[in-house]
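All remarks here apply to the structure that follows.
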Amino acid sequence: MRAFNVAKFGGTSVANFEAMSRCSAIIENNPQTKLVVSSACSGVTNLLVELANGVQDAERRLAVVKELADIHNAIIDQLAEPVKVEKEVHAILDSVASAAEAASFQSSKKLTDHLVACGELMSTHILAQLMRERGVDAVRFDIREVLRTDDNYGKAEAQVEEVKRLAQEKLIPLCENQVVVTQGFIGSDEQGNTTTLGRGGSDYSAALIAEAVQASGLEIWTDVPGIYTTDPRIAPKASPIPEITFSEASEMANFGAKILHPSTLVPAIRHGIPVFVGSSKEPEKGGTWIRQQVEESPQFRALALRCNQTMVTLRSDKMFHAYGFLAKVFEVLAKYKISVDLITTSEISVSLTLDKTDTSGGAPELHQAAREELEQLCTVEVEHNLCLVALIGNQMETKGYAKQVFSTLGDFNLRMICYGASDHNLCFLVDAPVAKNVIQTLHQELFEG
Ligand code: ADP
Ligand code: ASP
Ligand code: MG
């Protein structure tokens, strides 16, 4: 394993000139940091998604492009030598304007990826220049030359072996002498079309790149000093976790803790790369180390929340004492490439939630053709506006565990409880309006005692 470190900076970490300067200071302080992965400046991807979804009103389109220009110009204006970067960023903004017009006639997943990738393409031009002006020998690299993916636009999957080969050829030699600044979130397919890894995908990019260059460490710099017992925005008394295992942190990410993209730890686990999560605003506060082994495995580790859940309930008398019903259901789901997240069954019904973290946003939908085919087997009910609450911990099968959790939540209506399949989590759905209250109540009982 090489003695070099990959550092990823999220949107708020590169939101403005001061924030980018703090990132540069963090990089300057660690000579082992040879590779920097950056998100788009805060708010930029949301604006690009709006354009990609098709804005009919030309005035609104112009206003969004102007907002994008303002965010970037405000940083460029503070550079000592802005001319070259300004030209590069403005060329990207021009292509955003024309792609946005095209999307207003007809949007597509491919066009969406082309558009939303522009955020990271712009921020990295600026960050690399800012670092050079502070004396770092920084070079910007277009990661689409290395991060090869399939063509599943909006949620592309990396072709790991190809990424490793391309990194060996194009990226590692650059890192020998310079600090490379590159984009998170984006990649390209075999045809050279731009793809994205899904919202929040820069964490995953950074891990994939760290694996490909055989880095010795991965740092995720964000706006909180580490992983907390739950989202501190929801429960202000949440406390930072100094160290956590890969499997516990993976469960948190999978169940919606926004601090990490769900796939982030997969490459880190494959390659045994320790991951550090900290705040670029307050690096002195330390953060969380995610490792294979840690000293403590508490019963209650953390709470995660994932909103925008779609629950599908399928009911059929034919299921009663019959076999093959679920197989038929899953055949239909597989045919329409519908990924199932949670599942619970009773004698005559099965409830499941649909998975989705792609770039276009919004709740996952059961598309009409799939629904019609399922309706030939059973009745189909679709419910939106639900949130998934997950309690992550250790030895959760222990006596009294469920009682403590459920008695705390006696006043709430819990749906689709999943408990027992894993030793490390207990999860259930609640209606969106009460979700935060559920997290606060549970956090108070289990973590604030
Ligand atoms: P970035 O833009 O740096 O990727 P994100 O907004 O994606 O940052 O992730 C950081 C946010 O994740 C925090 O501001 C916090 O609100 C949220 N979050 C959710 N769960 C947790 C948790 N368990 N610990 C810390 N932060 C969490
Ligand atoms: N810019 C992308 C997003 O906002 C990716 C990321 O920041 O991780 O989703
Ligand atoms: Mg993020």
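Residue under question is VAL136, and the condition is that it be at pLDDT 95 or above, under 24 Å from SER24 (Cα atoms) and out of contact with any Ser or Thr (no Cβ under 6 Å at 6 or more places or on another chain); does it hold?
Working: at pLDDT 95 or above: yes; under 24 Å from SER24 (Cα atoms): yes; out of contact with any Ser or Thr (no Cβ under 6 Å at 6 or more places or on another chain): yes.
Considered against the rule, which asks whether it is at pLDDT 95 or above, under 24 Å from SER24 (Cα atoms) and out of contact with any Ser or Thr (no Cβ under 6 Å at 6 or more places or on another chain), VAL136 comes out as yes.
Given ASN437, ASN413, ASN425, which one is within 21 Å of the chain's Cα centre (by Cα) and at pLDDT 90 or above? Steps first, answer last, please.
Working: ASN437 fails: within 21 Å of the chain's Cα centre (by Cα); ASN413 fails: within 21 Å of the chain's Cα centre (by Cα).
Only one candidate passes the filter, namely ASN425.
Name the single residue, out of those in region 206-237 being outside any loop (DSSP other than H, G, I, E, B) and within 11 Å of ligand 3 (Cβ to nearest atom), that is surrounded by the most Cβ atoms within 10 Å (Cβ to Cβ).
Restricting attention to region 206-237, the residues satisfying the condition of being outside any loop (DSSP other than H, G, I, E, B) are 206-212, 217-222, 228.
From what is left, the residues that are within 11 Å of ligand 3 (Cβ to nearest atom) are 206, 220-222.
Details: ALA206: 33, ILE220: 29, TRP221: 27, THR222: 24.
The selected residue is ALA206.
Consider only pairs whose beta carbons are under 6 Å apart and that are at least six residues apart or on different chains; among these, list those whose first residue lies in region 118-138 and is free of Cβ contacts under 8 Å to residues at least 12 places away in the same chain and whose second residue is not in a helix (DSSP H, G or I).
Short answer, once both residue conditions are applied: ARG132/ALA138.
Residue check: is THR194 touching a helix residue (DSSP H, G or I) at 6+ places or on another chain (Cβ under 7 Å), within 15 Å of ligand 1 (Cβ to nearest atom) and at pLDDT 95 or above? If you could, list the steps in order and put the result at the bottom.
Working: touching a helix residue (DSSP H, G or I) at 6+ places or on another chain (Cβ under 7 Å): yes; within 15 Å of ligand 1 (Cβ to nearest atom): no; at pLDDT 95 or above: yes.
Considered against the rule, which asks whether it is touching a helix residue (DSSP H, G or I) at 6+ places or on another chain (Cβ under 7 Å), within 15 Å of ligand 1 (Cβ to nearest atom) and at pLDDT 95 or above, THR194 comes out as no.
Among the residues of region 242-254, is any within 16 Å of ligand 3 (Cβ to nearest atom) and of a type in the set (Val, Ile, Thr)?
If we filter region 242-254 for residues that are within 16 Å of ligand 3 (Cβ to nearest atom), which is where we start, we get 249-250, 252-254.
Checking which are of a type in the set (Val, Ile, Thr) leaves us with none.
No, the conditions are met nowhere in region 242-254.
I'd like the residue in region 154-164 that is more than 23 Å from PHE9 (Cβ to Cβ) and free of Cβ contacts under 8 Å to residues at least 60 places away in the same chain and, out of all such residues, is farthest from ligand 2 (Cβ to nearest atom).
My answer is GLU161.
Has region 106-123 got any residue that is more than 16 Å from ligand 2 (Cβ to nearest atom), assigned to a helix (DSSP H, G or I) and within 30 Å of CYS175 (Cα to Cα)? Talk me through it step by step, then tell me what you get.
Of region 106-123, the ones more than 16 Å from ligand 2 (Cβ to nearest atom) are 106-108, 110-111.
Of the ones still in play, those that are also assigned to a helix (DSSP H, G or I) are 110-111.
Adding the requirement that they be within 30 Å of CYS175 (Cα to Cα) leaves none.
For region 106-123, residues more than 16 Å from ligand 2 (Cβ to nearest atom), assigned to a helix (DSSP H, G or I) and within 30 Å of CYS175 (Cα to Cα): absent.
Applying the selection to region 315-334, what residues are surrounded by 14 or more Cβ atoms within 10 Å (Cβ to Cβ) and either at pLDDT below 90 or more than 11 Å from GLU347 (Cα to Cα) (or both)?
Let us first name the residues in region 315-334 that are surrounded by 14 or more Cβ atoms within 10 Å (Cβ to Cβ), namely 315-316, 319, 325-326, 328-330, 332-333.
Of everything in region 315-334, those that are surrounded by 14 or more Cβ atoms within 10 Å (Cβ to Cβ) and either at pLDDT below 90 or more than 11 Å from GLU347 (Cα to Cα) (or both) turn out to be SER316, MET319, PHE325, LEU326, LYS328, VAL329, PHE330, VAL332, LEU333.
Looking at region 74-97, I want the residues that are in contact (Cβ under 8 Å) with a residue 40 or more places away in the chain and charged (D, E, K, R) and have a partner that is surrounded by fewer than 16 Cβ atoms within 10 Å (Cβ to Cβ) and not in a helix (DSSP H, G or I) with Cβ atoms under 6 Å, at least 6 apart or on another chain. Which pairs are those?
Nothing qualifies.
Mind checking which pairs have a first residue in region 165-192 that is over 20 Å from SER24 (Cβ atoms) and touching a residue at least 24 places away in the same chain (Cβ under 8 Å) and a second that is charged (D, E, K, R) and crowded, with 17+ Cβ neighbours inside 10 Å, Cβ under 6 Å, 6 or more apart or different chains?
PHE185/GLU120; ILE186/GLU120; SER188/ARG144
Restricting attention to region 151-205, which residues are part of a helix (DSSP H, G or I), surrounded by fewer than 22 Cβ atoms within 10 Å (Cβ to Cβ) and not basic (Lys, Arg)?
VAL160, GLU161, GLU162, LEU166, GLN168, GLU169, ILE172, PRO173, LEU174, CYS175, GLU176, ASN177
Of the numbered conditions (1) without any contact (Cβ under 8 Å) to a residue 40 or more places away in the chain; (2) within 15 Å of GLN183 (Cβ to Cβ); (3) of a type in the set (D, E, K, R), GLU50 satisfies every one except a single condition; which is it?
GLU50 satisfies every listed condition except (2).
I'd like to check something: does region 233-252 contain any residue that is in contact with a strand residue (DSSP E or B) (Cβ under 6 Å, 6 or more places away or on another chain), within 16 Å of ligand 2 (Cβ to nearest atom) and of a type outside the set (D, E, K, R)?
For region 233-252, residues in contact with a strand residue (DSSP E or B) (Cβ under 6 Å, 6 or more places away or on another chain), within 16 Å of ligand 2 (Cβ to nearest atom) and of a type outside the set (D, E, K, R): absent.
So in region 133-150, with the set limited to residues that are assigned to a helix (DSSP H, G or I) and farther than 24 Å from PRO262 by Cβ, which one is farthest from the chain's Cα centre (by Cα)? Show your work before the answer.
So in region 133-150, the residues assigned to a helix (DSSP H, G or I) come out as 133, 143-145.
If we keep only those that are farther than 24 Å from PRO262 by Cβ as well, we get 133, 145.
Details: GLU133: 31, GLU145: 22 Å.
For region 133-150, the residue satisfying everything is GLU133.
The values are calculated or read from the model by the stated rules, or taken from the named source; none is laboratory data. Because the structure is predicted, anything quoted here is derived from the model rather than measured. A quick note on method: Cβ atoms are made from the backbone with ideal geometry, for glycine too, and the neighbour counts reach across all protein chains shown.
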